[in-house]
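Input: a single structure, listed below in structure tokens.
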Number of protein chains: 4
Amino acid sequence: MENWEDLQKALIEFRNLRDWEQFHNPKDLALALSIEAAELNELFLWKSAEEADKEKIKEELADVFAYAILLAEKYDLNINQIVMEKIKKNSEKYPIDKAKGSAKKYNEL
Amino acid sequence: MENWEDLQKALIEFRNLRDWEQFHNPKDLALALSIEAAELNELFLWKSAEEADKEKIKEELADVFAYAILLAEKYDLNINQIVMEKIKKNSEKYPIDKAKGSAKKYNEL
Amino acid sequence: MENWEDLQKALIEFRNLRDWEQFHNPKDLALALSIEAAELNELFLWKSAEEADKEKIKEELADVFAYAILLAEKYDLNINQIVMEKIKKNSEKYPIDKAKGSAKKYNEL
Amino acid sequence: MENWEDLQKALIEFRNLRDWEQFHNPKDLALALSIEAAELNELFLWKSAEEADKEKIKEELADVFAYAILLAEKYDLNINQIVMEKIKKNSEKYPIDKAKGSAKKYNEL
């Protein structure tokens, strides 16, 4: 089982059993996503990357995925499709010969 | 194609062709993720959820997924497994009879 | 001029001249604050602290202060008072003998 | 007491007594700031602005100010000066006749 659809179904079932759809408007879902992203970042605060706790990272990253998947569902987006399109777009914004080995933003290349 | 492994491969190929792995330590990947989450949130700023631009949401959400997937790869995490485990954990933290219809946190239920 | 009341007045005048109070509910002000915080963080992304651009930091930090000051005004909070109270509280949560030289959270000390 | 300098002194004394300057590089301070901003936002999650808890807002906003003030100190920035400069800059980006009553970004006006 390595596909998004199973996860989406499980998340929606979890949500509906608790009657939480009423709270899950896209604005609050996006907010929830960024709060989970901050909790993930807190695991690295005042530390080097190596010192962070992998078990906790697993949990916070799972929360990030959960809200991102629920948000995708709200807009009926196919996750693989939108990410593949973005990779294609970024391939043009960051041509290999210019971007190779550089951390600059595309508008500074 | 609804398999996140395909996405992971495409993202890593994109990264490696640009020699960007040197920048992609987990601390900065988590930071990048939260910056993309903020860009997603900006699409809802000063607005109701309905007024947000779906095309832009698609793009920012794709960025969120991209960094989350790359971070999962860093720790060799199976996305379906970690999200399913989190759902199970949250099912215990938010039992249906207590959590139904409530937006309270588990420690306030 | 090192008084935050002067800033608060200037920010409110700027806002009122543009008739923006209608958008500035506390929920969106808090959201704006976190978006500006993310823009500040972006200046450090994929970099060491030393490589960040001081001029841009100045600008993003100014935005953070602007929204924080406007939010304080919404709740009629005295900034010096709330920060001094928080320092006092944290002094108890982080007693010097336990917290000295440690980056741990108070509940892990 | 309504000035930044008293707060800055108190915060630095608190920090130095705990020997925490070693952790307070600007990159982590900016990260801490955005984490506190997220905790502030969490008080509004799944709620209308009116439902948020003012006491908790006071505390999280105090944390935001604390890190913002410490960051300003790192770069030797005068808070009132940088915010006044930003207001001036934004006055040009958002001329009253164009921006009045509009929540659009300057590049969409």
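Annotations
- Under the condition of being over 19 Å from the mean Cα position of the chain (by Cα) and within 9 Å of chain D (Cβ to nearest Cβ), the residues counted in segment A:27-53 number 3.
- Those residues of segment D:77-103 which are within 16 Å of the chain's Cα centre (by Cα) and part of a loop (DSSP other than H, G, I, E, B), in sequence order: D:LEU77, D:ASN78
- Test: C:ILE79 is in contact with a Leu (Cβ under 7 Å, 6 or more places away or on another chain) and buried (at least 18 other Cβ atoms within 10 Å of the Cβ): no
- Per-region count, segment A:12-26, residues at the interface with another protein chain (Cβ under 7 Å from one of its Cβ atoms) and either in a loop (DSSP other than H, G, I, E, B) or within 15 Å of the chain's Cα centre (by Cα) (or both): 5
- Single residue of segment A:27-60 satisfying the filter (assigned to a helix (DSSP H, G or I) and of a type in the set (S, T, N, Q)) that is farthest from B:ILE57 (Cα to Cα): A:ASN41
- If the condition is being free of Cβ contacts under 8 Å to residues at least 12 places away in the same chain, within 17 Å of B:LEU7 (Cβ to Cβ) and not β-branched (Val, Ile, Thr), then segment A:63-89 contributes A:LEU77, A:ASN78, A:GLN81, A:MET84, A:GLU85, A:LYS86, A:LYS88, A:LYS89.
- Residue under evaluation C:GLN8, criteria (1) part of a helix (DSSP H, G or I); (2) in contact (Cβ under 8 Å) with a residue 24 or more places away in the chain; (3) within 19 Å of D:LEU43 (Cα to Cα), criterion not met: (3)
- Residue selected from segment C:68-109 under the condition facing chain D (nearest Cβ under 9 Å) and aromatic (Phe, Trp, Tyr), by the criterion farthest from D:LEU70 (Cα to Cα): C:TYR75
- When residues of segment B:40-74 are limited to those that are over 22 Å from D:ASP28 (Cα atoms) and aromatic (Phe, Trp, Tyr), the one surrounded by the fewest Cβ atoms within 10 Å (Cβ to Cβ): B:TRP46
- Among the criteria (1) loosely packed, with under 14 Cβ neighbours inside 10 Å; (2) at pLDDT 95 or above; (3) farther than 29 Å from B:LYS47 by Cα, the one A:SER91 does not fulfil is (1).
- In this structure, B:LEU70 does not qualify as outside any helix (DSSP H, G or I) and either out of contact with any Ser or Thr (no Cβ under 7 Å at 6 or more places or on another chain) or of a type outside the set (D, E, K, R) (or both).
- Among the residues making up segment B:98-109, those that are without any contact (Cβ under 8 Å) to a residue 12 or more places away in the chain and more than 15 Å from A:GLU13 (Cα to Cα) are B:LYS98, B:SER102, B:ALA103, B:LYS104, B:LYS105, B:ASN107, B:GLU108.
- Here is the figure for segment D:5-39: residues that are more than 23 Å from C:PRO95 (Cβ to Cβ), crowded, with 23+ Cβ neighbours inside 10 Å and not aliphatic (A, V, I, L, M) total 1.
The values are calculated or read from the model by the stated rules, or taken from the named source; none is laboratory data. What you are looking at is a predicted structure, and each value in this text was computed from that prediction instead of being measured. When we count neighbours, we look across all protein chains shown, and the Cβ atoms used for this are built from the backbone with ideal geometry, even at glycine.
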